[in-house]
1. Those residues that are free of Cβ contacts under 8 Å to residues at least 24 places away in the same chain and either in contact with a Leu (Cβ under 6 Å, 6 or more places away or on another chain) or surrounded by 16 or more Cβ atoms within 10 Å (Cβ to Cβ) (or both), I need them from the stretch B:48-84; list them, please.
2. Name every residue in the stretch A:3-26 that is within 30 Å of A:Glu550 (Cα to Cα), open to solvent by 80 Å² or more (accessible area, probe 1.4 Å) and part of a loop (DSSP other than H, G, I, E, B), in order of residue number.
3. May I ask you to list the residues in the stretch A:492-543 that are open to solvent by 10 Å² or more (accessible area, probe 1.4 Å), within 16 Å of A:Glu398 (Cβ to Cβ), more than 12 Å from chain B (Cβ to nearest Cβ) and not small (Gly, Ala, Ser)?
4. Any idea which of (1) in contact with a helix residue (DSSP H, G or I) (Cβ under 7 Å, 6 or more places away or on another chain); (2) closer than 30 Å to C:Leu293 by Cα is the one B:Ile360 doesn't satisfy?
5. Does C:Thr173 qualify as being closer than 29 Å to A:Gln503 by Cβ, surrounded by fewer than 21 Cβ atoms within 10 Å (Cβ to Cβ) and not basic (Lys, Arg)?
6. Going through A:Gln111, A:Gln59 one at a time, which residue ends up being open to solvent by 30 Å² or more (accessible area, probe 1.4 Å), at pLDDT below 90 and either in a strand (DSSP E or B) or more than 30 Å from A:Asn419 (Cβ to Cβ) (or both)?
7. Could we say that C:Ala265 is open to solvent by 20 Å² or more (accessible area, probe 1.4 Å), assigned to a helix (DSSP H, G or I) and not hydroxyl-bearing (Ser, Thr, Tyr) here?
Amino acid sequence: MPAQQVVYVERGALLQEAIEAAGIPLALPCGGQGRCGRCIVVVQEGQVRRRSVARLTPQEVEQGYALACQTLVEGDLVVYVPPQEERIVRLEVGLAAEKEAPEVVVCEHEQAPWVAKCHLKVDPPSLADNTTDFERLQRELVRQHGITGLVASLPIMRKLAGALRAEDWEVTAVVEKGTWASSQGPPRLVDIRPGDTTEHTLGLAIDIGTTTNVVYLVDLQSKALLGRASAYNGQISCGEDVISRIIYSQRPGGLEHLQQLVLNTLNGLIDELLAAHGASPEDVYFATVAGNPTMIHLFLGLDPRHIRLEPHIPTVNHPPPVRAGELGLRIHPEATVDCLPGVGAYVGADITAGVLRSRMSEEEPITLFIDVGTNGELVLGNKDWLISCACSAGPAFEGSGVVSGMRATVGAIQEVWINPQTFEPTYETIGNAPPKGICGSGMISLLGEMFITGVIDKSGHVNRSLDTPRVREGPGGGEYVVAWAAETEDKKRDIVLTEVDIQNLLRAKAAIYAGMNVLATSVGLELEDIERILIGGAFGKYIDIEKAIEIGLLPDMPWDRFAYLGNTSVQGAYLCLLCPEHRAMVREIASKMTYLELSADNSFMNAFTSALFLPHTDLEQFPSVREKLRNVERLGGS
Amino acid sequence: MGLSGLAIYKLLPKTNCKECGFPTCLAFAMKLAARQVELSACPYVSDEAKAVLDAASAPPIRLVKVGPEERKVEVGNETVLFRHEKTFYHPPGFFYRLKDDEPADAFAARLEAVANYGVERVGIELKADGIALQSAAGSADAFGERAAQVVSAGLPLVLIADDPQVMEAGLKAAQGMAPLIYAANAENWETMASLAAQYGAPLAVFGEGLETLAELTEKIKGKGVEDMVLDPGTRGWSDSLAAFTQLRRLAIKKNYRPLGYPIIAFPGEGTEDELEEALLAGQYVAKYAGFIVMDHFDPASLYPLLTLRQNIYTDPQKPIQVSPGLYEIGKPTPESPLLVTTNFSLTYFSVAGEVEGSGIPAWLLVADSEGMSVLTAWAAGKFDAERIAKAVKSMGVAEKVAHRKIIIPGYVSSISGELEDELPDWEILVGPREAINIPSFLKQFAA
Amino acid sequence: MAASVPSVQEKWTGKVREVTLGALPADGGTRGRTVTVGGENTLPFLHFEGEVPHRPAIAIEIWDHPPEDWSPILLEAWGDVLQDVGAWAKKAEEVGADLIALTLDSAHPEKGNTSGEQARATVRKVLEATTLPLIVYGPGQVDKDNEVLVAVAEEAAGERVALGNCEEGNYRTIVAAALAHGHLVIGKTPIDVNLAKQLNILISDMRLDLDRILMDPTTGALGYGLEYTYSVMERLKLAALMGDSMTQQPMIVTTGFEAWRAKEARVNEGVPAEWGDWTKRSLLWETITTMALLEAGANIVVMRHPEAVKKIRQVIDKLMTKA
């Protein structure tokens, strides 16, 4: 901790000047404009005048907190300057603009999962009691577990005699009490094992994303989430988006190849999870799968071509339960693999699962749920009604299609501030590592700063007349340098955002915002009528609501109306894995969700071009951004 | 004013039974709100809901039909003031005025000219709609005779006569042809109304000032005549514009039933020459007339007017498209580069603009992607190798371009293989993804 | 008793901005008169509910070199004056133009590639030949537009010339020239309400006063996209009246240029007999296009044929007459 220092400044000087005079390093990422809140200090004694208390709560002001760049010295003071790390930590926790995803969702229902293990002690047969093995098992299940009418497939029947006798008529029967297709049974014998093996009753919740696949390993008895694993979808080598995959699937052997690729990815993740928990594939008796319709089609080996072509008809919205063995998923071959129900060609099980997870369909408030992935899907509604649409946002926010874009992993720039006088940036990377690229959150942050500080105009064109080497003419038009090659991890290339990148980002955000508008108007509502906005998707750990509003990705509403839920698709699959009640709910969601086809809607095009501007052609819709622009102008920015 | 989808949904059973043919009650409600489906498709709607919805969905401007089924002119049923709000549904009919005292030869010749006029424009046959026969001789026989002549030509008729006796002669001759009676006024309305009722013909009502007009239509409605057409008595440019605008607003915005009928207009009255008549007819096409009675027949004015009518009555809900074809940007030579793009207007404008801005003349082949942008069209299979090849083959590209190199948008680079198969003589080059990069691409290409 | 018909007068909250072209000697220019457009607080010509303080203005388009590819009908109508831009300007004033719209076509790289100096001379000549305010268009090629319009802005400093066209990707240079030398700019966008509004915002973000911006929504001729322009203009006008500040710029449309590009006006060989007399049809092509867009809200129409101009002047007279 630095020693106490005494400096003299004139009355009316900024605290920031006093701190500089004391030789204490104080970063001013936003250029000393009171925008970022990073120069926070504590005035312990004495009189100051605060020009601005942006990012400070009244309580904090009460406690003496002040922004060094916005606070004037009125007399003798004692000021505490916290170290940099402390300031950042305080901001992340304290300010509500950044929404972090909760760790895990919990199922509060009492019901047991459909698949359960039944430990049984069976009376051995005798000449007097010569009931067959299977009938004996049935009888004991009724007696000990109240399960009637058990059925079994031939492969399991073949194991029966041996299993019953291996540990002296003590067995564990794995019973599936029902499926969505026949929820009342009959119960099916998934496996029979000698002895008591009830400690391992595992299930999987799977999300097949176009870009990323995620698997949750779950203990079906305790409902505990044992582990999570994720990886890129192996199909990426055959195209980045669903359309490319559909086109690939039309090649000879293409469909089979794609199916195999995704199975390989999933099997790899499963192996990894099972190894970490000392379990075997045979211990996994149930899997639920969510994903967009194309991903589900490819996973099941269904031809997806008509999803692409008008009038966009999937083979099936709710595929029947399949056996893992049939499919090639490396878990117990008799395990049911259950794909959740979808709604239409571009709104699938990932969205119904997301809605289930969001709980919006159980509650009164009018809620907008946004899933930002390679496609942006939106659902609006409440417990009475649901309407959804898909807008092709493109993968820009996932770090794809942008020159310096990357996924939200170590070394990704996730937050940027630009000094409006010098146009020098200050950035922060995940893991505080040297930068490798920019992730989705970073792009939102960077775009917002470039806009607010006038590096780009409202249409996203770089202002070439600025006096800074950061702005230059690149191979494809104007660009802004966020990090010079020397600062980067591989020291090879400058990290830039180009005009073409900006257009991609603008299109992505415009598609989502336009989708919201059209969805709301389609049922006669205004955006202001939306009481809360729940966000799922691939932004990484958090999304900065303030910046997202600044660029016009999210509507200008109080920050407390937003919540970030993380990957909602896999969480919904997880809930469905755990209890039949959620299973029924997701079917209900799918059946009541109305799908709005945007390509058939001219108003979408209009809303889209209207949103293809920063923050929006109609600035009136973004009063907080208008205010911010005025402030920057007042404080001498460009 | 119509109800919103959500408001209608609240009146429906909310069972999502799918029997109406839509996946959810909300989807059905939204179709109802857009007036694209009938409420009767729902077997379970309650009587109470039915009453509310029926009242909300009655058309604010009555649909009026004139003429025989094969050439009928149907106007009315409009729902908006501005075409961009939805669309204008029923284009106005052009009726040419003939007087019953014209010499027989001249009459027959003009009748024939109107009856036979037909010309195709963008695949649609454009025709003159009918004859407005005016009694000038004051003779019932002459009127009836000439009306019969128009009937035998199969054309829809507007009958113009003040004298009910003369009018009846015309109606007799045109039985079953649903001619429009012009017009009932403050003096003759009772007899005209009974003629309209007797002959099942729609009735035009003349009244100077909207109050007078509304009063008359109410009285006539009281006599059992439902199909009416309005003439508020204005004839010139600004007074007609004001009156017709008010009529349309009253119907659409106020749902004011006494004036919820189509309008008839006479551009030949109150103008100085043929050219001005045609121009005023143009105003009437854009601003709310249902029947336009013209005094001068000339293909040179009819053709532009029919074109205008076609333009104004095009459904604006469809995306803005440019016509597919081979466009010259700058003054290209057979050696100039050839680029291909889609026919979505904004795509075309941005590509053409960048090519033009590059200063390098080029050929721009616009393929029919049904008005979709490059990526959307590609995603929907509307801008694939097959369609591009079809454009190359059908637009006479090979005759105008000497080389065999075609530049495709970078976003569809994946189709280059298939395109090579479709166009074996051509070299497929992948251009930039974004239009903004076209100039530098072309400069490199030309170098 | 008369029926009581409800009132349908709209209470619009906004109005179109007034924009004045040309400057009198007292205001630093040399024009004999100025032309003000805009200011209306109702839809086109609806005198019963609002004020239309200024009639729409007619500009006649002239070129800085003889326009060889124009329709023979136009060439004949103008005759010898086509050879001399000054004479042409004078003649245009005589036949009833309110404004002269000069196109510096010869500056196009493929049509002579004439320089900024030449543009200065041309503009000087036109300023001397006519007392009317000017609109000056570049040749429509970004680099040359910037070059010649900057030269023109300097040469005609203080004259409140409308410089065109600014486009989304190229507006800074022209706006800067207008700012420096007291001119107006025309922002042109491709048939889209949002793009039109966006360009107005971008231009005004450079601190050019809004009463110095005209917007050109891109003209579609009769039969060639007229309906798109028509609806975009109606939407812009409605937005302006509803108080959306950034849509309140007066609108300028180039109906002469577009109508005379149409096959119907350009040629007479091998066309159907049903198209009728060529001259009459052509005149109607230009006048109907113009009339329709006036009724959609045009404040300045840029026309070509002297007879068409006369007819439209007559129509505007009548539309401006209160009922």
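The values are calculated or read from the model by the stated rules, or taken from the named source; none is laboratory data. Everything quoted here is computed from the prediction, not taken from an experiment. Neighbour counts run over all protein chains shown; Cβ positions are idealised from the backbone, glycine included. With ligands, DNA and RNA removed, areas are computed over all heavy atoms of the protein, side chains included. Shrake-Rupley method; radii C 1.70, N 1.55, O 1.52, S 1.80 Å.
1. Scanning the stretch B:48-84 gives B:Glu74, B:Asn77, B:Phe82.
2. Taking the stretch A:3-26 as the starting set, the residues that turn out to be within 30 Å of A:Glu550 (Cα to Cα) are A:14-17, A:25-26.
Imposing the further condition that a residue be open to solvent by 80 Å² or more (accessible area, probe 1.4 Å) reduces the set to A:17, A:25.
Listed by number, the list holds a single entry, A:Pro25.
3. A:Lys541, A:Tyr542
4. With respect to (1) in contact with a helix residue (DSSP H, G or I) (Cβ under 7 Å, 6 or more places away or on another chain); (2) closer than 30 Å to C:Leu293 by Cα, B:Ile360 is out only on (2).
5. In short, yes.
6. On the way: A:Gln59 fails: either in a strand (DSSP E or B) or more than 30 Å from A:Asn419 (Cβ to Cβ) (or both).
Being open to solvent by 30 Å² or more (accessible area, probe 1.4 Å), at pLDDT below 90 and either in a strand (DSSP E or B) or more than 30 Å from A:Asn419 (Cβ to Cβ) (or both) holds for just one of A:Gln111, A:Gln59, which is A:Gln111.
7. Details: open to solvent by 20 Å² or more (accessible area, probe 1.4 Å): no; assigned to a helix (DSSP H, G or I): yes; not hydroxyl-bearing (Ser, Thr, Tyr): yes.
Considered against the rule, which asks whether it is open to solvent by 20 Å² or more (accessible area, probe 1.4 Å), assigned to a helix (DSSP H, G or I) and not hydroxyl-bearing (Ser, Thr, Tyr), C:Ala265 comes out as no.
Yes/no per residue for (1) over 22 Å from the mean Cα position of the chain (by Cα); (2) of a type in the set (Phe, Trp, Tyr):
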{"site": "A:Trp559", "(1), (2)": "no, yes"}
{"site": "A:Thr568", "(1), (2)": "no, no"}
{"site": "A:Tyr574", "(1), (2)": "no, yes"}
{"site": "A:Leu578", "(1), (2)": "no, no"}
{"site": "A:Ser624", "(1), (2)": "yes, no"}
{"site": "A:Arg630", "(1), (2)": "yes, no"}
